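Presented below is the structure to which this report refers.
The values are calculated or read from the model by the stated rules, or taken from the named source; none is laboratory data. Keep in mind it's a predicted model, so treat the numbers as computed, not measured. Here the Cβ positions follow ideal geometry from the backbone for every residue, glycine too, while neighbour counts run over all protein chains shown.
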Amino acid sequence: MFNIVTVQKPADQALRQDGLSLLMPADLTASLQLAAPQWRQGWDRLADAWNRLPPDAHLKDGGHYRRRRHACFVQDFPDGTLTRTPHRAHWQPTDYNALHGGFERWFDPIEPGVADAPAWGELLAGLGRLFARVRPVPRWFIEAHQFRIDTSEGVGRPTPEGAHRDGVDFVVVLMVARRGVKGGETRVFDAHGPDGVRFLMQEPLTALLLDDERVIHETTPIFPADSLDPQEGQRDTLVLTYRAGGFQAPERPALAQ
């Protein structure tokens, strides 16, 4: 039985106690010590980049409802320096993604004007510092995914793989924009028990932070809002994953000596 999230705790406390934290925009900037409103103004200038996402060519359910870009970063401690890595494939084992796992997926890189923007770097680094307070590490390996899910085919699926974990330490789902859609309820379950919560992320810069070892998550399909053109329905998010043990990658066979 689901319960609606009603009690707000400091993000690091909520992650330790509950395995998740749902932050409204003001909570996000306060938790990460971002200089609002200057940071918000810088971030708002990046939102147009979601209009330039190319189609996801790897969907195995036959749909054409997802657009996407991808980039990887490393954050080193104790100073928290963030560095963009050379472009690489996204890979997940089938244990975590039965639909799209087990093969390398190459996506177009996130535009330099986005990935090099101060507001972008401050967001990723601030989240990394927060997670390092919950789970101290020498380094985070970060993957960033810009997503647009649309309703041009009548339905869009933010998580076609269903309820899942990502095989990382922490996951962030940041709402960028939501236009002309209904549905898209976010659901988070205890990975080892029956408890769960559900809520609708609507306001831009609402952020869901997850301890991926403790919870599973999914987002239900979106549909065109009543009386609106299906072509107008869009849900834009930024998904970030933080992993201490390196980027996920397929095992390569050892070379013969």
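Annotations
- Taking the range 235-251 as the range and being acidic (D, E) and touching a residue at least 60 places away in the same chain (Cβ under 8 Å) as the test, only D236 passes.
- Once the range 64-96 is narrowed to residues that are part of a loop (DSSP other than H, G, I, E, B) and either of a type in the set (V, I, T) or buried (at least 16 other Cβ atoms within 10 Å of the Cβ) (or both), the residue that is modelled with the lowest pLDDT is Y96.
- Whichever residue in the range 138-165 is hydrophobic (A, V, I, L, M, F, W, C) and either closer than 26 Å to L124 by Cα or not in a loop (DSSP other than H, G, I, E, B) (or both) and, among such residues, is modelled with the lowest pLDDT: A163
- Filtered by the rule that a residue be closer than 28 Å to F247 by Cβ and either crowded, with 18+ Cβ neighbours inside 10 Å or within 18 Å of the chain's Cα centre (by Cα) (or both), the range 178-200 gives T186, R187, V188, F189.
- Residue check for V114: at pLDDT 95 or above, among the β-branched types (V, I, T) and surrounded by 19 or more Cβ atoms within 10 Å (Cβ to Cβ): yes
- The one condition in (1) in contact (Cβ under 8 Å) with a residue 24 or more places away in the chain; (2) out of contact with any Asp or Glu (no Cβ under 7 Å at 6 or more places or on another chain); (3) over 24 Å from L127 (Cβ atoms) that H192 fails to fulfil: (1)
- For the range 202-219, taking the residues that are in a loop (DSSP other than H, G, I, E, B) and touching a residue at least 40 places away in the same chain (Cβ under 8 Å), the one that is surrounded by the fewest Cβ atoms within 10 Å (Cβ to Cβ) is identified as E203.
- Any hit, the range 97-111, residues being at pLDDT 95 or above, under 25 Å from P204 (Cβ atoms), aliphatic (A, V, I, L, M) and in contact with an Asp or Glu (Cβ under 9 Å, 6 or more places away or on another chain): no
- Lone unmet requirement of (1) touching an Asp or Glu at 6+ places or on another chain (Cβ under 9 Å); (2) part of a strand (DSSP E or B); (3) of a type outside the set (D, E, K, R) for T237: (1)
- The one condition in (1) farther than 28 Å from W91 by Cα; (2) touching a Pro at 6+ places or on another chain (Cβ under 6 Å); (3) among the hydrophobic types (A, V, I, L, M, F, W, C) that V181 fails to fulfil: (2)
- Close pairs from the range 7-18: first assigned to a loop (DSSP other than H, G, I, E, B), partner of a type in the set (D, E), Cβ under 8 Å, at least 6 apart: Q8/D27; K9/D18
- The set of residues from the range 232-251 being of a type in the set (V, I, T) and either in contact with a Leu (Cβ under 7 Å, 6 or more places away or on another chain) or surrounded by 22 or more Cβ atoms within 10 Å (Cβ to Cβ) (or both) comprises T237, T241.
- Residue in the range 150-165 that is surrounded by the most Cβ atoms within 10 Å (Cβ to Cβ), counting only those that are in contact with a Pro (Cβ under 8 Å, 6 or more places away or on another chain) and of a type in the set (D, E, K, R): R157
- Any chance V168 is buried (at least 20 other Cβ atoms within 10 Å of the Cβ), outside any loop (DSSP other than H, G, I, E, B) and aliphatic (A, V, I, L, M): no
- As a summary of the residue check, F189 satisfies the conditions (1) under 21 Å from R133 (Cβ atoms); (2) out of contact with any Leu (no Cβ under 9 Å at 6 or more places or on another chain); (3) part of a strand (DSSP E or B) except for the one numbered (1).
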